[in-house]
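So the structure is just underneath, and the comments pick up after that.
All of the numbers you see were taken from the coordinates with simple rules; none came from a lab. These figures come from a predicted structure and were not determined experimentally. Neighbour counts run over all protein chains shown; Cβ positions are idealised from the backbone, glycine included.
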Amino acid sequence: MFKKFLLALLCGVCAVSVMQATTPEAVARRQKFTAECGENADKAAKYLNDKDPEIRRYALYLYAKDNGAKAFSKLQSALKDSNDLVRLTAVSALTELAAKGNKDAEKTLADIAAKDTYLPIRELAGKASWPFKREIKLLRNDPGWDHEVITVAQGKIEADNWKIMADPAQSGHRRNFYKVKFDDSKWSPAKYGYWERLNIGMDDFDGIAWYRIRFKAPAKVAHNAFEIHFYGVDESAWVWLNGTYLGSHDIGLAGHNKHFAVDATKEVKFGKENLLVVRVKDTGMAGGIWRDIKWEILK
C-alpha cells in the first residue's frame, strides 16, 4: 500500500501533494525517474538528494528496502531533510531495522521520539522504540474460562494524593519514573481532573505526563483475578503496578472517555502498600486522569 501511494505521487496521479505544487515539469521529472529506476535501488541512490522531495522520498524507500542495515547512514542523512514526509519515510525504514534487532536504529528512534518537532514522526518513532510489551488479558474475555465471573470486592483508588510530572522529552520510562524506588518527592501534587486545572504550571501543556500514587490493597480473599479499571484518561495511558508493566490504552483521541482495564493478579500485594503509575499522553485540549480508577477482585 505504501509503495502504491508513493508511485501515485511520483506519476502525478495524486491530485494533492503536501510537499510542493504538482506542475507539468514535476510530473515529467517523476515519470522520467520511475522509467529510469523502476525498483532498482542502485539507480535510485543518485536521486537521494534530488530537488523534488517526492523523488527523494521514493528513492529513499527503494534504497532502504534493498539495502537493509547498510542503508543506515543514508537514513540518518535523510532525517535532516527539510521535508517532513521524507523524514517520515526514513523513520519508517528505521522501524523495520529496529524490529530486526538493529541497536543503532533503536537508539536513533528513541532520540527522535524525544526530540523531533513533527508529531507523526515522534509518534511513529515512539511506538517503534517503546520497550514495554504486554497484551491485556482480562478474566471476562478469556475464551478458556467457562465459569461465571463474579465481583467479590471492589474499591476506588483515592482521588487525591497523586503526584504528577510533565515529560516533554518523553524520556520518563528511561529515567525510571515507573519504578518503586524512584524518588518522586519533587513532583507536583495532583488529583483526578484535567492537569490544566491543577495550577501546577501545566495550563497549556500537551504531551506526556506521569502520575504516581501509593495505595493500600485490600486483604487477600479467594479470587481468580485482580483488575484495575480506568473510567476516563484523556487520552492515552500506559500502566504499571509495583514496577511491572500491565499494558496500555492507546487508541488516540477516541480513547479520552473510554473505559479500559488491566489485569494485576500476579503483581498486586494484598493487604500492603502498592505503587500505581500511569503514563498519560494528551495531544490537544484537556489532558489527564479525569475520572475514577477502581480495583476489582474477581472469582
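Figures for the structure shown
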item: Between segment 217-252 and segment 146-205, the Cα center-to-center distance that results, in Å; result: 12 Å
item: Ordering of 121-128, 143-150 by burial proxy (mean other Cβ atoms within 10 Å per residue, highest first); result: 121-128, 143-150
item: Ranked Val277, Val152, criterion: other C-beta atoms within 10 Å, fewest first; result: Val152, Val277
item: Degrees, to the nearest 10: 53-67 long Cα axis against longest axis of the chain; result: 80 degrees
item: Segment 255-299 and segment 52-69: distance between their alpha carbon centers, rounded to Å; result: 42 Å
item: Net charge, Asp81 excluded, C-beta distance under 14 Å - Lys, Arg +1, Asp, Glu -1; result: +1
item: Candidate aspartates and glutamates - alpha carbon under 13 Å from Lys107, same-chain residues fewer than 8 apart omitted; result: none
item: Karplus 3J(HN,Hα) series, Hz, for segment 86-92 with 6.51 cos²θ - 1.76 cosθ + 1.60 (x for Gly, Pro); result: 5, 5, 5, 5, 5, 5, 4
item: Net +/- balance of residues flanking Asp292 in space, Cβ distance below 11 Å, scoring K and R +1, D and E -1; result: +2
item: Ranked list, fewest to most other Cβ atoms within 10 Å of each Cβ, for Tyr118, Tyr58; result: Tyr118, Tyr58
item: Long pairs among Lys220/Lys299; Lys127/Lys191; Lys137/Lys272; Lys220/Lys258, criterion Cα-Cα beyond 18 Å; result: Lys127/Lys191; Lys137/Lys272; Lys220/Lys258
item: Rg/Rg_ref, segment 197-256, where Rg_ref = 2.2 N^0.38 Å and atoms are Cα; result: 1.42
item: Within straight-line cross-link reach of Lys163, aspartates and glutamates at Cα separation under 12 Å, skipping those fewer than 8 residues along the same chain; result: Asp183, Asp184
item: Between 0 and 90°, nearest 10: helix 24-37 axis offset from the chain longest Cα axis; result: 90 degrees
item: Cα long-axis angle, helix 103-115 against the chain (0 to 90 degrees, to the nearest 10); result: 80 degrees
